[in-house]
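The values are calculated or read from the model by the stated rules, or taken from the named source; none is laboratory data. A quick note: this is a predicted structure, and the numbers were derived from the prediction, not measured. Here the Cβ positions follow ideal geometry from the backbone for every residue, glycine too, while neighbour counts run over all protein chains shown. Areas reflect the complete protein model, heavy atoms only, side chains present, ligands, DNA and RNA absent. Shrake-Rupley method; radii C 1.70, N 1.55, O 1.52, S 1.80 Å.
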Amino acid sequence: MSNLSLFDSSSLLPERRFAQTLERFQKLLENPDSPVRAIRFLPPREAQYAPLPESIQPALRRALASRGIAQLYSHQAAAFEAQQGGRNIVVVTPTASGKTLCYNLPVFNHLLSDPQARAFYLFPTKALAEDQLAEFNALVNAMGSDIRAFTYDGDTPQDARRAIRERAGVVLTNPDMLHAGILPHHTKWAKAFENLRYIVIDELHTYRGVYGSHVANILRRLRRICRFYGSDPQFICCSATIANPGELAEKLTEQEFTLVENNGAPSGEKYVVFYNPPVVNRQLGIRRSYLHETRRIATDFLERGQQTLVFANNRLATEILVTYLKDAAERLPMGAQAVRGYRGGYLPRERREIERLLRDGEIRAVVATNALELGIDIGSLDAVVMAGYPGGIASTWQRAGRAGRRNTTSLAVLVASSAPLDQYIIEHPEYFFQQSPEHANINPDNLEILLNHMKCAVFELPMRDDEKFGPHPVKTLCQLLAEQKIVHHAGGTWHWTSDTYPADAISLRSVSSDNFVVVDETSEPKIIAEVSYTAAPSELHEKAIYLHEARQYQVERLDFENRKAYVRRVESDYFTDAIDYTQVKEIDQFDSKAVARAFARHGEVRVNRQIVGFKKIKFYTNENVGAGNLTLPEQEMHTTAFWLHFPSEFLGNFTEFSATEKQAGLVGLGAAMRAVAALLLMADPRDLGVSLTESITSSLQLWEPDLFLYDSYPGGIGLSGPLFELTPKLLKMTHELIANCPCENGCPSCVGPIGEVGERGKEIAIAIVTKLV
């Protein structure tokens, strides 16, 4: 297997390229131990059309005709009709199905009849806003209209901002800028807020977890300011396919929505291949490097002249693959310049250039993070290779959809890493292909997030006692802020009295604003990054290797009191992994149900966590090459959790195992459950903590442990409740993950390595979860 070349690199006619490629994959699939785990053919789909609605303005009708649009796809027509009826809409169709017209059409139609009207377009990234601005202006030019649209973000020059505030009919921005740059300065935007008719939220599915919970509160503040100026805008949302788009839209905006989901757009045929790198050590469950396999597959595509997009899941993997593919392209006629990287750390000008060169076909391969997952127009690509499972079914389809966007035949290859999540998906392709994608969960009423946005809301406009902001009485929350001496009560109204600017203190990607800054002291001291309070002890402890922009820094000193970590640039062949001791204690039990002779529970818990040491892990081989001890302050937080309680009579079924072995088996079960829970909840595994807490009953001195999966953020972000409801599915899928893993005694792909769970860890974990299901 090691010397197998998947493709014939000889010159082929374009229409024969995929036939030969797929023939090779098909031959591999016939072997039971094949790295190719599945090949799925998605047939082409014919378009379903509807006539242009009668109410469309003549100028807009002519502009559409000049661009070859004489009729609409059925979902575009349904969206326009629902919007014209005054309803908020959420459109859920695949990549490249013409969702942009679902919001541009009603907005243009209204602006032509009411030039004073305004619209805000919210995009999760600056790049997407820039791309949509080009699309918007192309339609404006086709109409010969004077409708003005501008992006308004951190890159907007100061001297242009006033003109945009006063003259832009449509403002394209992002939640960060709305939060810190528009809402706190609403008096400068008075004309826009008075005439605001539409709020467009694109890529709705990206607003989940902590980020989505923050965005929901930003939209609360936005609607509050709109009411102050006398406007009540309609919402138009667009989303990739997720299981609960209507529910997510309603939670984000606190409004009712009409769902438009019957896709009428055509699509070309697509092949999706699942590839699992072969096992090189069956006893330890070690597989060949997924990055090396990704490089090999992408290189063969390049040799065949196929324009390829490679997705990696983090910055380090992106830079490694760019290096590999540039080296490969150097030996081809195209040269190294035909391969580029693309991620958030690149300058805007650099990203725009890469997008243009991709569309023009001058770049033959791009390695990107999720920055290119969203709907930026990069033309027609032949193939997508995904280095690692993106973490969600919706994200995987988004990435696969970047190839063949213009009705051409395309190929997408998913190369699995050794992570349990990847291994479950790659070995259960039917789950991926038959499953309706995951639920997006948010918790806008998380008290810490809510209070931070309450500060912003009071800063923006005084808050009345009888106002509503989330589920809690405003008076009670404002009294908490008054204790901090930042608000003052007078005449039934709360006023901001502090000289601070509250929006600056909030990070939309974390719950707490109490973040650490990373200071590089290699030469002149400069801040290079920010790390959340909860992550700082594990990422920035002394002697940690901190990775930033594919460079390594060693932490020299962690100043806990002033929230600073001082680092120096180093060349290291290892990274560090913190060892923590976590104790979880039940505070309040919301619900409980019997599972076999154990119990599944959901409630509020207190988590005490302390970093006690670290491991040095070698790049590429993942060998443990050293360790160190640490003494850091203990962190305490209250959050929500799902847990399994194991009574002594349940554990008494496993008499062939010692107490120590049972404990190791439960640790392994927790590792597997965490991976499956992240899959079910469309969450990052890091959003869930796992802990086995030993509980000794006082009367009989019996060991009755609790296995906790808790929300990793203070107050919880809404993961544990759905997990409790999904208990049977969670246990069934955990059983499948462990039982189907080819390792003998445990590995990183299932319960964890033997060194952590012992020789019988896998055996015990399977025995326990089998009893539960």
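Some values worked out for this structure:
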read-out: Qualifying residue in the stretch 16-34 (condition: in contact with a His (Cβ under 9 Å, 6 or more places away or on another chain), under 30 Å from Glu430 (Cα atoms), open to solvent by less than 30 Å² (accessible area, probe 1.4 Å) and among the aliphatic types (A, V, I, L, M)); value: no
read-out: Among residues of the stretch 249-286, those that are in contact with a helix residue (DSSP H, G or I) (Cβ under 8 Å, 6 or more places away or on another chain), of a type in the set (Ser, Thr, Tyr) and open to solvent by 10 Å² or more (accessible area, probe 1.4 Å), counted; value: 2
read-out: Pairs where the first residue, in the stretch 521-539, is over 15 Å from Leu508 (Cβ atoms) and the second is open to solvent by 90 Å² or more (accessible area, probe 1.4 Å), C-beta under 6 Å, 6+ apart; value: Glu521/Arg568; Thr522/Arg568; Thr522/Arg569
read-out: Any helices (runs of 4 or more DSSP H) falling wholly within the stretch 637-755 and containing at least 2 residues that are under 26 Å from the mean Cα position of the chain (by Cα) and without any contact (Cβ under 8 Å) to a residue 60 or more places away in the chain; value: 659-681, 727-739
read-out: Residue that is farthest from Gly613 (Cα to Cα), among those in the stretch 524-542 that are assigned to a helix (DSSP H, G or I) and open to solvent by less than 50 Å² (accessible area, probe 1.4 Å); value: Ala536
read-out: Count - residues of the stretch 169-201 that are at pLDDT 95 or above and part of a loop (DSSP other than H, G, I, E, B); value: 2
read-out: Of all residues in the stretch 393-406 being part of a loop (DSSP other than H, G, I, E, B) and crowded, with 23+ Cβ neighbours inside 10 Å, the one that is modelled with the lowest pLDDT; value: Gly404
read-out: Given (1) under 30 Å from the mean Cα position of the chain (by Cα); (2) without any contact (Cβ under 8 Å) to a residue 12 or more places away in the chain, number of the condition Ala594 does not satisfy; value: (1)
read-out: Contacts under 9 angstrom Cβ, first residue in the stretch 27-45 being free of Cβ contacts under 8 Å to residues at least 24 places away in the same chain, partner open to solvent by 80 Å² or more (accessible area, probe 1.4 Å) and not in a loop (DSSP other than H, G, I, E, B), 6 or more apart; value: Ser34/Lys27
read-out: Answer residue from the stretch 126-168, given it is in a loop (DSSP other than H, G, I, E, B), open to solvent by 40 Å² or more (accessible area, probe 1.4 Å) and not charged (D, E, K, R) and is modelled with the lowest pLDDT among those; value: Gly154
read-out: Leading residue by the ranking (most open to solvent (accessible area, probe 1.4 Å)) among those in the stretch 221-247 that are of a type outside the set (Asp, Glu), assigned to a helix (DSSP H, G or I) and closer than 24 Å to Ala82 by Cβ; value: Arg227
read-out: Matching strands (runs of 3 or more DSSP E) fully within the stretch 467-520 where at least 2 residues are closer than 22 Å to Gln635 by Cβ and under 27 Å from the mean Cα position of the chain (by Cα); value: 516-520
read-out: The stretch 756-772: number of residues that are in a loop (DSSP other than H, G, I, E, B) and in contact (Cβ under 8 Å) with a residue 60 or more places away in the chain; value: 2
read-out: For Arg87: the one exception among (1) modelled with pLDDT under 95; (2) within 25 Å of Arg220 (Cα to Cα); (3) in a loop (DSSP other than H, G, I, E, B); value: (1)
read-out: Residue that is farthest from Val385 (Cα to Cα), among those in the stretch 313-324 that are open to solvent by 50 Å² or more (accessible area, probe 1.4 Å) and at pLDDT 85 or above; value: Thr323
read-out: Extreme residue, farthest from the chain's Cα centre (by Cα), among residues of the stretch 105-125 that are assigned to a helix (DSSP H, G or I) and crowded, with 21+ Cβ neighbours inside 10 Å; value: Leu111
read-out: Output for the stretch 753-771, where each listed residue is farther than 15 Å from Ala659 by Cα and touching a Ser or Thr at 6+ places or on another chain (Cβ under 9 Å); value: Val769
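One line per residue, one yes/no per condition, for (1) of a type in the set (Phe, Trp, Tyr); (2) at pLDDT below 90; (3) part of a loop (DSSP other than H, G, I, E, B):
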site	(1), (2), (3)
Lys326	no, no, no
Glu350	no, yes, no
Arg359	no, yes, no
Gly379	no, yes, yes
Met386	no, no, no
Tyr389	yes, no, yes
Thr408	no, yes, yes
Ala412	no, no, no
